[in-house]
Each structure stands twice: as structure tokens, then as C-alpha cells.
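**Q** Here you go, one structure.
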Amino acid sequence: MHADDERFEVYLKQFRPRAPKALPVVTRGRHARRALALGAWAVAVALTAAVLATNWNAKVSHFSTGTALQTKAFHPLTIRTANQLLGEAPSLKAAMNELVLDSEEKTVPKSQSAFAALTKENINP
Amino acid sequence: MNPVRSIAVIVVFAGLFVGPAAAQGGPREQLGENAALRYWSAFAEMQDSAMVMHRIPGLDDPSVKELFKKNQAALNTMYRGTMLPDCDWGIDYQLGAEAPVEYVRKALLLGNLNALYVMYLETHGDTEGAVRALVAGLRFSHDVASGGTLFATEAAASLLMDQLPMIPNIVHAGVSPAQRLALQKALAQLGPAGLDWQGAVKRELELYRGTDHALSAKGLTALAQITPLYVGAMSDPSVLPRLQGMIANAPLDLRNIMPNPQRVVETKQSLENHLAEARGLLQ
């Protein structure tokens with residue numbers, strides 16, 4: 001054990017303290033480079049978003065066969081939404097048809113009703 | 001307790017219970033005579049009514065017969081509603097332009113269903129039934145506009161213009177004097193213009209004064225000038241060019257919400273033409 005201690009002391013003595021380095025100073029040039037990099041990232045992100053948005057719109061318009069009116073749902077029907085429909089429809093008949101077609105209920109299968117779901121659950125402990 | 005005091009207590013309690021009930025008697029009776037409430041019951045009874053808006057295979061198709069069978073209760077409730085003198089949809093004008101008018105959508109469905117039923121009865125030789133359904137349908141369509149804005153009135157006009165052309169078919173097939181009289185009476189009850197266009201315009205433009213439209217001071221001033229002319233255009237279409245000029249020069253906030261008077265006048269005139277044709281045929 002004693003010999004080990006001596007060897008360890010010798011080992012530690014071989015280390016010499018070094019003169020500390022100067023603290024890193026942020027220069028103007030570095031600032032500019034960082035800003036440039038950030039700017040480049042922002043531009044890249046914006047471009048990517050724009051490209052994605054354009055493609056998305058193109059896909060939607062490609063698959064949508066209906067008119068602009070058909071993409072709107074006049075729910076709830078208020079005086080304001082009704083007037084909007086009348087203003088946008090090409091004719092009174094078209095507006096009325098649009099309104100009635102829009103009324104078709106999205107039927108939910110009974111098996112998906114809240115009541116059905118609750119009765120399926122085992123609520124007994 | 002002494003007998004006099006007991007009687008007094010009984011009288012006081014009786015008064016407490018009977019008084020409010022007696023006071024409510026009048027309005028309750030009036031409420032029961034409101035056709036709109038029957039119509040709402042009919043809407044609730046409708047089943048698969050959206051089918052009338054799709055291309056149907058033919059009036060003899062079993063699915064069409066089934067549709068009428070399913071909706072017989074709804075149609076009968078609507079017919080009973082048309083017997084009542086008043087129709088108040090209870091539009092909450094305090095909500096301004098956000099007032100719900102869902103009843104118009106339901107009414108269009110029920111009205112179209114009834115119109116299809118008239119055709120069905122007529123093609124199956126049931127003239128009595130067809131006349132009865134058509135008379136009720138005309139009255140119902142008229143009631144759709146009751147107390148509403150231009151939208152409800154235009155919807156009612158659309159329903160009427162769908163049904164009025166059915167009169168020639170029924171008449172040519174042969175109607176009894178009583179059936180002819182029933183049709184004449186139904187048309188007379190619609191009034192000369194069919195609907196109250198002036199009232200609808202007034203209610204429509206009155207809405208624009210509300211805070212929810214947030215019209216500028218200039219917009220409100222222009223609205224005050226335009227309103228009498230717009231109402232006047234309903235009885236005198238010759239003022240239409242002047243009215244359109246005023247709207248074109250109105251501030252943008254008003255111009256953006258103003259209903260197209262040309263469209264309204266054209267619909268009104270078209271309905272009047274349909275009415276004149278039907279009346280002429282029945283004379």
C-alpha cells in the first residue's frame with residue numbers, strides 16, 4: 001500500500017500548471033456569420049413551406065370537382081350565412097338547392113353512438 | 001284554527017295557484033294557434049327527406065312510395081298547420097345577422113317533399129289528394145316568408161314557383177268545381193304579389209343598422225337614403241336604375257352587404273308571372 005502511495009505521488013508531480021488561455025471574444029465577424037446562417041435557415045424553411053403549400057393546394061383543387069359553393073357548409077344557417085349564400089350563388093334556384101343538399105345528415109352508425117359505446121364498456125368494478 | 005281564518009287561508013292559496021294559470025290562458029291559446037309550431041313538429045317527423053333532392057328513379061319506384069309512407073305523418077302535421085291563421089317563426093332579431101334561420105332549410109325540404117307528393121298523387125289519378133296537398137303546400141310556402149328577411153321571402157318564392165306550374169297539369173286532368181274553388185281560394189290567399197316583399201326589405205335593411213354590422217357613419221347615412229327607394233322598388237321597378245346607382249356610390253361597408261336589388265325584383269316579377277298564369281287558368 002505504501003509503495004503505491006509513493007508511485008501515485010510521483011505520478012501527480014509530473015503535472016505542471018498551464019497558463020490560462022484568453023477568454024473567447026465574440027467578434028463582429030462571427031456575429032455576421034451567425035446571422036447569415038440563421039437567415040439562410042429561415043429562407044430555406046420559408047421556401048420549403050411555400051413549396052409544400054403550393055403542392056397541397058394543387059392537390060386539393062385537382063381532386064375537388066365541386067364549385068366553390070360546394071366547399072362551404074352553411075351551418076349554422078343564420079341570416080348572415082344565408083345572405084352570403086344568396087350573394088355567391090349563380091341563381092336563386094342554385095342557392096336553394098345548395099342549401100338543401102347541405103342539410104343531408106352525416107349519419108352515424110348506431111354502433112358508434114355514445115350510448116352504444118357506453119353500454120359496451122364494462123363499468124362494473 | 002278558527003273557521004273564518006281557515007277559509008281565508010284556503011282562498012289565499014287558491015288564488016296563488018289559480019291566478020298565474022288564468023293569466024297564462026290567453027297567450028297559451030295564442031301559442032297553440034301558431035302554425036310555425038306545427039311546422040316544426042312536421043320537420044321533426046320528416047324521414048330521409050333529403051332524398052327528394054336527388055335524382056329519383058321514377059314516381060312508381062317502390063323507394064318513392066316508401067318515402068311518402070315514411071313522411072305521411074310529417075305531411076299531415078304540415079297540412080294541419082296550414083289551417084291556422086298565424087305563423088310566427090320567432091326569429092330572434094336581437095341577435096342581428098346572427099339570428100338562426102334553420103327553419104328555412106327544413107321548410108325547403110318539406111316543401112319539396114310535398115311538391116313531389118302532389119306529382120305522385122296527380123299521376124296516380126288522385127286529383128282530390130293532389131289538390132289538397134297543393135293547396136296546403138301553397139299556404140305553407142307563403143308562411144315560410146312570414147316575418148322573415150329577404151332570404152326567407154326568396155326561399156318562399158322559390159317554393160311557390162316550383163308548385164304553381166303544377167296547377168295546369170291538375171286542371172287539364174279535370175277538376176271538380178269544388179276543387180277548382182279550393183285552388184282559386186288558395187291563390188287568392190297569397191295576395192296580389194304572392195308575398196310581402198316590402199316588409200321583407202324593411203326587415204332586412206333594418207338589420208344593417210345593428211351594431212354587429214358596424215357600418216360607418218357615412219354607411220348609415222347612405223342606408224337611410226337607400227331604404228325608402230329599395231322598399232319603393234318592390235312596387236315600382238322603374239326606380240331600380242336610380243337605386244342601383246345609389247348603391248354603387250354608397251360606402252364600401254354598406255355596398256358589400258347590400259342585397260342585389262335586380263335579383264330581388266326579378267324574383268318578385270317571376271313569381272307574379274307564375275301567379276297570373278295560374279289565376280288565369282282557373283278563371
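The values are calculated or read from the model by the stated rules, or taken from the named source; none is laboratory data. Just so it is clear, the model here is predicted, and its values are computed rather than measured. A quick note on method: Cβ atoms are made from the backbone with ideal geometry, for glycine too, and the neighbour counts reach across all protein chains shown.
**Q** Give all pairs with beta carbons closer than 6 Å in which a residue from segment B:140-165 that is away from chain A (no Cβ under 11 Å) meets a residue that is β-branched (Val, Ile, Thr) and in a helix (DSSP H, G or I); count only pairs at least 6 apart in sequence or on separate chains.
**A** B:Ala145/B:Thr153
**Q** Restricting the search to segment B:256-265, which residues are within 9 Å of chain A (Cβ to nearest Cβ) and either under 20 Å from the mean Cα position of the chain (by Cα) or part of a helix (DSSP H, G or I) (or both)?
**A** B:Pro259, B:Arg263
**Q** Of the conditions (1) within 14 Å of the chain's Cα centre (by Cα); (2) away from every other protein chain (no Cβ under 14 Å); (3) surrounded by 16 or more Cβ atoms within 10 Å (Cβ to Cβ), B:Lys106 satisfies every one except a single condition; which number is it?
**A** (2)
**Q** Further question: Being of a type in the set (Lys, Arg) and crowded, with 18+ Cβ neighbours inside 10 Å is the filter here, so list the residues in segment B:205-224 that pass it. Give the derivation first.
**A** Going through segment B:205-224, the residues of a type in the set (Lys, Arg) turn out to be B:209, B:218.
Selection gives nothing.
**Q** Would you say B:Lys268 is within 14 Å of chain A (Cβ to nearest Cβ) and of a type in the set (Lys, Arg)?
**A** Values: within 14 Å of chain A (Cβ to nearest Cβ): yes; of a type in the set (Lys, Arg): yes.
Considered against the rule, which asks whether it is within 14 Å of chain A (Cβ to nearest Cβ) and of a type in the set (Lys, Arg), B:Lys268 comes out as yes.
**Q** I've got another one for you. Here is a list of conditions, (1) within 21 Å of B:Gly147 (Cα to Cα); (2) surrounded by fewer than 17 Cβ atoms within 10 Å (Cβ to Cβ); (3) within 24 Å of the chain's Cα centre (by Cα); (4) not hydrophobic (A, V, I, L, M, F, W, C), and B:Thr227 meets all of them except one; can you say which number that is?
**A** Here B:Thr227 clears every test but (2).
One line per residue, one yes/no per condition, for (1) assigned to a helix (DSSP H, G or I); (2) modelled with pLDDT of 95 or more; (3) assigned by TED's automatic domain parsing to the domain that holds B:Asp126:
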| site | (1), (2), (3) |
| --- | --- |
| B:Glu154 | yes, yes, yes |
| B:Ala157 | yes, yes, yes |
| B:Asn169 | yes, no, yes |
| B:His172 | yes, no, yes |
| B:Val175 | no, no, yes |
| B:Gly191 | no, no, yes |
| B:Leu215 | no, no, no |
| B:Ile226 | yes, yes, no |
| B:Val231 | yes, yes, no |
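**Q** Could I ask something else about it? What residue, of B:Asp48, B:Asp60, B:Asp92, is away from chain A (no Cβ under 14 Å) and among the charged types (D, E, K, R)? Full working, then the answer.
**A** On the way: B:Asp48 fails: away from chain A (no Cβ under 14 Å); B:Asp92 fails: away from chain A (no Cβ under 14 Å).
None of the others qualify; the one that does is B:Asp60.
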